[in-house]
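The values are calculated or read from the model by the stated rules, or taken from the named source; none is laboratory data. Quick caveat: nothing in here was measured; it's all calculated off a predicted structure. Every residue, glycine among them, receives a Cβ derived from its backbone with ideal geometry; neighbour counts consider all protein chains shown.
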Amino acid sequence: MVIDLVETIQKKLGFPELQKIDPNTQEVKKPENLSSEDYLPQAAIPTVLLGLYKFSGDKNGNKAILNRTFDGDLLSTIFGKNEDSVVGKVAAYTGTTTDFASRKMEEIAREAISVIKENIPGNGTDSSVRDFLINHRNNILLYLPAELQIGSVLDDDTIDDRTNKMQGPMSSHMHWLEKFFPSTDRKKEENW
């Protein structure tokens, strides 16, 4: 992983620095001087990136990310029927309106696709998009507030599992080993 996807998007869009969650309490310490609007990226960036991660589980999704072929509302394409629920959870968590949250999440999604495209080596393939997002998944989870319960909306209980958000030498090693074993979101042939 050459870049920190979360940090790159945060900096490119000029958002305040995101806080990693505490793996023991699953909470993010909200700085007192941040408004609700400035706090939105804490929930929105990891949520959008996890949506893209799930969206990339399909070859058509990977091709759409790689070629930037999206019709209309990007969030609707990424989250499908779950769009309103996901946006509602982010808005409720940050204390903003759903319209504001939706606009910012759309902006984040467009920037994320640009960053992904820039960082795919060569011409890129649908599997290179998937591999890129798989390699960034655990880092994305480090910023996702557990209170959002995005995993339940995206039908992936591993997203809300606190063991996926741990850091350290043993946890890092175990996350590396995960690539060798089939997962619920990868086919056997997608593992190394």
Within region 9-29, can one find any residue that is in a loop (DSSP other than H, G, I, E, B), surrounded by 14 or more Cβ atoms within 10 Å (Cβ to Cβ) and of a type in the set (Lys, Arg)?
-> yes
Output yes when any residue across region 88-110 is in contact with a Ser or Thr (Cβ under 7 Å, 6 or more places away or on another chain), among the acidic types (Asp, Glu), outside any loop (DSSP other than H, G, I, E, B) and touching a residue at least 12 places away in the same chain (Cβ under 8 Å), and no when none is.
-> no
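Within the group Ser172, Ser127, which residue is modelled with pLDDT under 85, within 21 Å of Leu66 (Cβ to Cβ), among the small types (Gly, Ala, Ser) and surrounded by fewer than 15 Cβ atoms within 10 Å (Cβ to Cβ)? So that I can check it myself, show each step before the final result.
Values: Ser172 fails: within 21 Å of Leu66 (Cβ to Cβ).
Being modelled with pLDDT under 85, within 21 Å of Leu66 (Cβ to Cβ), among the small types (Gly, Ala, Ser) and surrounded by fewer than 15 Cβ atoms within 10 Å (Cβ to Cβ) holds for just one of Ser172, Ser127, which is Ser127.
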Does Arg68 count as at negative phi and either of a type in the set (Lys, Arg) or surrounded by fewer than 17 Cβ atoms within 10 Å (Cβ to Cβ) (or both)?
-> no
Report yes if some residue within region 67-74 is free of Cβ contacts under 8 Å to residues at least 40 places away in the same chain, of a type in the set (Gly, Ala, Ser) and in a helix (DSSP H, G or I); otherwise report no.
-> no
Any chance Thr96 is among the hydroxyl-bearing types (Ser, Thr, Tyr) and touching a Leu at 6+ places or on another chain (Cβ under 7 Å) = yes
Pair list, Cβ under 8 Å, 6 or more apart: region 139-156 residue at positive phi, other residue modelled with pLDDT of 90 or more = Gln149/Lys89
